[in-house]
Amino acid sequence: LIMKKEIQLKTINKNCFIYVRVSTTRQSDEGYSLDAQLKVCAEYAKKHGFSVKKIFREEGETATASDRPEFLEMIDRCEDGEVGAVVVYLTDRFARNKVDHHLIKDKLKKCGVELLSANQEMLNGNTPEAGLMDGIMASINEFYSQDNSRKTVKGMTQKFESGAYPGWAPQGYKHIVDEFTKKHGIEIDSDTAPLVKLAFELYATGSYSIFSLSVQLDALGLRGRKGKKLCEGSLQLLLTNPFYWGLMRWKEKEKIG
């Protein structure tokens, strides 16, 4: 006879952080949206008597822990002793690399902070069984991430070979999705394309340095991908990017698109 017994959490500090993350739009469509994750995590925290001190939301961020600003801020605040637990929807929201998972979880443990998965209660607690299952799930999360990356690279390679560009749209272009075929593509961005064209025309006069041109373009409203000033290095890359005359380069391959 196997009796189901609810895990009793022994955390003394009953404050917690909630951490939610999606890395792609597709994850939101599949029920992994930030709000959906947050709802489950908040219900779990309430059920176990935790007071939510802060919610850390990360959208469109990589699975690599060291690259996520909200995640890094949360870990820093955990070290300050603000909370006794971090609640996540699933442990793959926390990390998809088993080394990162164990190192950061151990770091939290030394600070008196438990990692709690709202949808995987068998991983929570300090029992040998929970530790075993946690290690297994960390390995599964890493496998899924690596397998997904392999499939993504394969799909991007096929896209490139068919004549479509698989990378980020350069300045002056934007990504689109065909309404009927749902295929992704790139087209001219009517807002930024005139400024990119102007950048080439002004630089070709020989009257502008990269620095003075970047200042001029910033004044006209041409910004980088995150809305920041187009720095000299980025402008140099723009002016030497062969994409603007039709040559696509991707993973050491070249092809006229």
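The values are calculated or read from the model by the stated rules, or taken from the named source; none is laboratory data. Predicted model, so just to flag it, every value in this text is computed and none were measured. Here the Cβ is made from the backbone with ideal geometry for all residues, glycine too, and neighbour counts use every protein chain on show. The accessibility values were calculated without ligands, DNA or RNA, using every heavy atom of the protein model including side chains. Shrake-Rupley method; radii C 1.70, N 1.55, O 1.52, S 1.80 Å.
Observations on the model:
- Residue satisfying condition, being assigned to a helix (DSSP H, G or I), open to solvent by 60 Å² or more (accessible area, probe 1.4 Å) and either among the β-branched types (Val, Ile, Thr) or touching a strand residue (DSSP E or B) at 6+ places or on another chain (Cβ under 7 Å) (or both), within set Thr152, Thr181: Thr152
- On the stretch given as the stretch 155-165, residues that are surrounded by fewer than 12 Cβ atoms within 10 Å (Cβ to Cβ) and either in contact with a Gly (Cβ under 8 Å, 6 or more places away or on another chain) or closer than 18 Å to Leu116 by Cα (or both) total 1.
- Long-range neighbours under 7 Å by Cβ, at least six apart or interchain, first residue under 18 Å from Val88 (Cβ atoms) within the stretch 120-134, second assigned to a helix (DSSP H, G or I) and of a type in the set (Asp, Glu): Leu123/Asp134
- Whether a residue is surrounded by 13 or more Cβ atoms within 10 Å (Cβ to Cβ) and in a loop (DSSP other than H, G, I, E, B) was assessed, and Ala199 does not pass this test.
Okay, residues lined up against (1) modelled with pLDDT of 85 or more; (2) of a type outside the set (Gly, Ala, Ser); (3) closer than 26 Å to Arg225 by Cα:
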| site | (1), (2), (3) |
| --- | --- |
| Leu115 | yes, yes, no |
| Met133 | yes, yes, no |
| Gly167 | no, no, yes |
| His184 | no, yes, yes |
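- Exactly one residue out of Ser234, Ser212, Ser139 is open to solvent by less than 80 Å² (accessible area, probe 1.4 Å), hydroxyl-bearing (Ser, Thr, Tyr) and within 30 Å of Lys98 (Cα to Cα), and it is Ser139.
- Ser51 satisfies every condition listed in (1) of a type in the set (Ser, Thr, Tyr); (2) over 18 Å from the mean Cα position of the chain (by Cα); (3) modelled with pLDDT under 90 except (3).
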